[in-house]
Amino acid sequence: MRPRTNKLVTLVAAIFIPVMAWGGSSEVTASRLNVRSGPSTGYRVLGSVARGTVLETLGPKSGSWIKVRYNNRDAWVHGNYMKTVATNNTTTTSSTQTSYVTAGSLNVRSGPSTRYRRIGSLSRGTAVEVLSSSGSWRKVKLQSGTGWVHGKYLSSSKPSSTTPTSSSSTPSRKGYIQLSNSGPGYFGYYSANRRWGTPTFIYGIQRVARRFKTANPSAPRLGVGDISYMNGGKMSGHASHQKGVDGDFRPLKNNGTEGRVTIFQSTYSRSLSQKMFDLFDQELRIKYIFFNDKNTRHTTPWPNHDNHFHVRIY
Ligand SMILES: [Zn+2]
């Protein structure tokens with residue numbers, strides 16, 4: 001049962017022989033090989049390793065002896081019972097493969113387990129080149145050198161926008177945070193890079209959407225359009241939306257759908273839209289809501305606001 005043997009060998013290697021990310025590697029060919037504190041049989045036996053175990057080799061042979069890494073220390077084994085392997089117990093990917101960090105902050109370690117020293121961290125969305133694997137761990141190329149990260153937190157596709165409710169979201173230079181593509185009671189209908197706002201605004205929008213959903217479980221969600229860019233500034237198509245305190249939203253529809261609607265269409269729901277305005281008014285300090293249905297409260301008519309309402313907060 002070949003797979004089982006391999007598994008056992010891997011297990012033995014994982015328990016006894018932490019294999020580091022650098023240096024060469026050799027595999028034990030003897031059924032059992034002593035590991036010594038120095039390069040001759042005169043040195044103390046530190047332990048022994050089983051056939052198939054891969055040891056990290058540290059530099060050239062001394063006579064017949066090879067210096068290896070064993071239980072986090074330098075040690076020696078007889079070279080007659082070792083054969084060089086291309087890498088340690090890792091699988092080298094045929095071509096380097098780009099992966100993205102999905103954790104908010106991912107520890108980078110000097111070797112493929114949590115026992116290894118933390119040498120840095122990578123933030124969510126960072127692209128890394130995966131060089132090889134060891135169990136669940138991936139060896140990645142860093143700006144200088146290499147390191148190991150847990151593969152669970154890597155994805156071959158770029159993660160979607162950060163979730164602002166999690167502390168892991170990356171604030172912009174201006175301190176804005178990004179509203180995710182969707183969440184309880186809301187969805188974004190333009191691109192995520194246009195949905196950055198002040199934390200007050202973003203969290204407020206989320207509270208409004210959540211309360212609306214709770215109060216109106218069968219109603220459509222709040223559609224969120226443009227807010228601001230990551231660091232504010234001029235946004236195409238708008239005079240405002242420059243400071244993370246403006247947001248465009250779709251009026252609610254009365255047929256359960258979430259597409260575009262104007263106040264002149266029969267599918268426009270004044271009552272649901274009004275409930276949304278009321279929640280905005282309760283959850284945020286509203287400077288104005290531009291919207292052209294004159295029979296709604298908390299709103300101010302403004303040109304071009306038939307098919308969306310524009311919320312500005314203080
Ligand atoms: Zn607007």
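The values are calculated or read from the model by the stated rules, or taken from the named source; none is laboratory data. Owing to the predicted nature of the structure, the values given are computational and were not obtained by experimental measurement. Every residue, glycine among them, receives a Cβ derived from its backbone with ideal geometry; neighbour counts consider all protein chains shown.
The table for this structure:
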item	result
Residues being of a type outside the set (Gly, Ala, Ser) and within 14 Å of Phe201 (Cα to Cα) - total across the stretch 231-285	14
Hits in the stretch 219-228 (condition: touching a strand residue (DSSP E or B) at 6+ places or on another chain (Cβ under 8 Å), more than 16 Å from the ligand (Cβ to nearest atom) and of a type outside the set (D, E, K, R))	Pro220
Flag for Gly237 being surrounded by 18 or more Cβ atoms within 10 Å (Cβ to Cβ) and within 15 Å of the ligand (Cβ to nearest atom)	no
Residue match in the stretch 263-278 (condition: loosely packed, with under 14 Cβ neighbours inside 10 Å and in contact (Cβ under 8 Å) with a residue 40 or more places away in the chain)	yes
Pairs with Cβ under 8 Å, 6+ apart, first in the stretch 213-237 and part of a loop (DSSP other than H, G, I, E, B), second acidic (Asp, Glu) and away from the ligand (no atom under 16 Å from the Cβ)	Pro220/Glu258; Arg221/Glu258
Odd one out for Pro184 among (1) under 19 Å from Leu272 (Cβ atoms); (2) at pLDDT below 95; (3) not acidic (Asp, Glu)	(2)
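The rows are residues; the columns are (1) crowded, with 22+ Cβ neighbours inside 10 Å; (2) outside the structural domain of Leu279 (by TED's automatic domain parsing); (3) in contact with a strand residue (DSSP E or B) (Cβ under 7 Å, 6 or more places away or on another chain).
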residue: Ile202; (1), (2), (3): yes, no, yes
residue: Ala209; (1), (2), (3): yes, no, yes
residue: Pro217; (1), (2), (3): no, no, no
residue: Met230; (1), (2), (3): no, no, yes
residue: Gln242; (1), (2), (3): no, no, yes
residue: Asp248; (1), (2), (3): yes, no, yes
residue: Thr257; (1), (2), (3): no, no, no
residue: Arg260; (1), (2), (3): no, no, no
